[in-house]
Amino acid sequence: MAPEGSADLAIEPELDYEGLGGNYPLHINMIAGSLAGITEHGVMFPVDVIRTRMQVLTTSPSATYTGIADAFARISSVEGFRALWKGIASVILGAGPAHALYFGTYELVKDLTGGNKEGFQFLSTTLAGASATIVSDAFMNPFDVIKQRMQMHGSPYTSITHCATHLFRSEGLRAFYVSYPTTLAMTVPFTAIQFATYEWAQEVLNPNNHYSPMAHAVGGGFAGAIAAACTNPLDVTKTLLQTKGCSSDPEIRHAKSMWQAGRIIYAREGLRGFMRGLTPRIFSHMPSNALAWLSYEGFRSALHEYGNES
């Protein structure tokens with residue numbers, strides 16, 4: 001049996017389900033993206049806490065973990081289960097608007113650059129993904145800094161307000177954006193790899209371009225895993241810059257760029273240091289990307305249908 005809405009696709013074959021087009025107006029994409037972002041980050045937050053803990057350079061035995069299971073068991077038993085959710089308020093406040101900007105920009109730029117036309121897909125998707133990243137990360141970066149400061153072992157912060165106020169008074173406004181160039185250096189290729197891989201996966205798994213939750217989830221998960229693995233070294237560098245203010249190491253505290261952070265990591269642990277947190281990063285991005293695309297497509301489809309009925 002053909003999926004609901006396939007008759008419309010047969011009448012207007014030039015209309016791409018993934019494109020902005022007439023089916024999904026910009027405000028629908030932005031609302032769907034916002035809801036998808038909150039869902040994605042909320043569900044995967046404990047894994048993100050573990051990733052942050054494993055990426056931080058530390059000499060404290062109590063904050064050194066051998067793997068995901070060890071980190072999960074020790075954090076939940078020693079610090080309490082709530083420690084795995086510390087900082088989630090910052091993500092919820094930032095993720096909604098940031099993902100609205102992300103998906104809205106992606107769909108808009110993709111539509112404007114001919115992403116639905118034969119021969120333009122790869123270049124258009126790459127440009128749209130990079131544009132979406134630049135816009136959304138500019139908004140999200142301060143929330144991400146606060147989140148990681150609260151996720152750290154022994155973090156003294158009791159709320160996002162407490163963390164933000166202390167950070168601003170002790171390190172200034174620059175602390176919220178010191179990692180932004182590194183974030184862009186990581187997320188622009190991450191997004192380009194992710195979207196290019198996702199679009200390729202859709203061509204393989206969903207060649208007729210029908211609404212297919214399974215194809216969106218599998219394609220999103222695969223794309224997230226590939227992009228996460230390729231950009232992990234930059235994520236380790238970003239984590240060092242975002243958490244340096246909580247370090248007791250003078251060299252780490254005075255790192256001001258991704259080049260300085262990278263030199264510190266390489267000098268202390270070699271290339272192996274850039275692989276810190278790789279496993280939890282992949283395990284975080286694979287299901288979160290699958291959930292993000294599944295939620296995004298589901299939310300915007302439901303919102304569009306509700307709008308038509310109204």
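Within region 57-74, the set of residues being under 20 Å from residue 253 (Cβ atoms), open to solvent by 20 Å² or more (accessible area, probe 1.4 Å) and hydrophobic (A, V, I, L, M, F, W, C) comprises 57 only. Residues of region 80-118 that are without any contact (Cβ under 8 Å) to a residue 24 or more places away in the chain and under 22 Å from residue 41 (Cα atoms): 80, 81, 82. Return yes or no: is residue 52 open to solvent by less than 60 Å² (accessible area, probe 1.4 Å), modelled with pLDDT under 75 and among the β-branched types (Val, Ile, Thr)? So residue 52 does not fit the description; no. Could you count how many residues in region 209-232 are closer than 21 Å to residue 146 by Cα and open to solvent by 10 Å² or more (accessible area, probe 1.4 Å)? Qualifying residue count for the region: 0. Looking across 195, 190, one residue alone is aromatic (Phe, Trp, Tyr) and touching a residue at least 60 places away in the same chain (Cβ under 8 Å). It is 195.
Just to be sure I understand, how many residues within region 268-303 are open to solvent by 30 Å² or more (accessible area, probe 1.4 Å), assigned to a helix (DSSP H, G or I) and of a type in the set (Lys, Arg)? Of the residues in region 268-303, 2 are open to solvent by 30 Å² or more (accessible area, probe 1.4 Å), assigned to a helix (DSSP H, G or I) and of a type in the set (Lys, Arg).
For beta carbons closer than 8 Å, sequence separation of 6+ or different chains, a first residue in region 262-288 that is more than 15 Å from residue 240 (Cα to Cα) and a second that is open to solvent by 70 Å² or more (accessible area, probe 1.4 Å) and assigned to a helix (DSSP H, G or I), the qualifying pairs are 286/222; 287/43; 288/43.
Report yes if some residue within region 241-249 is assigned to a helix (DSSP H, G or I) and closer than 17 Å to residue 187 by Cα; otherwise report no. Spell out how you get there, then give the answer.
Filtering region 241-249 down to residues assigned to a helix (DSSP H, G or I) leaves 241-246.
If we keep only those that are closer than 17 Å to residue 187 by Cα as well, we get 241-242.
Yes.
The values are calculated or read from the model by the stated rules, or taken from the named source; none is laboratory data. From a predicted model like this one, the values you see are computed outputs, not experimental measurements. Glycine also receives a Cβ, built like all others from the backbone with ideal geometry; neighbour counts cover every protein chain displayed. Just so you know, the surface numbers come from the protein's heavy atoms only, side chains and all, with ligands and any DNA or RNA stripped out. Shrake-Rupley method; radii C 1.70, N 1.55, O 1.52, S 1.80 Å.
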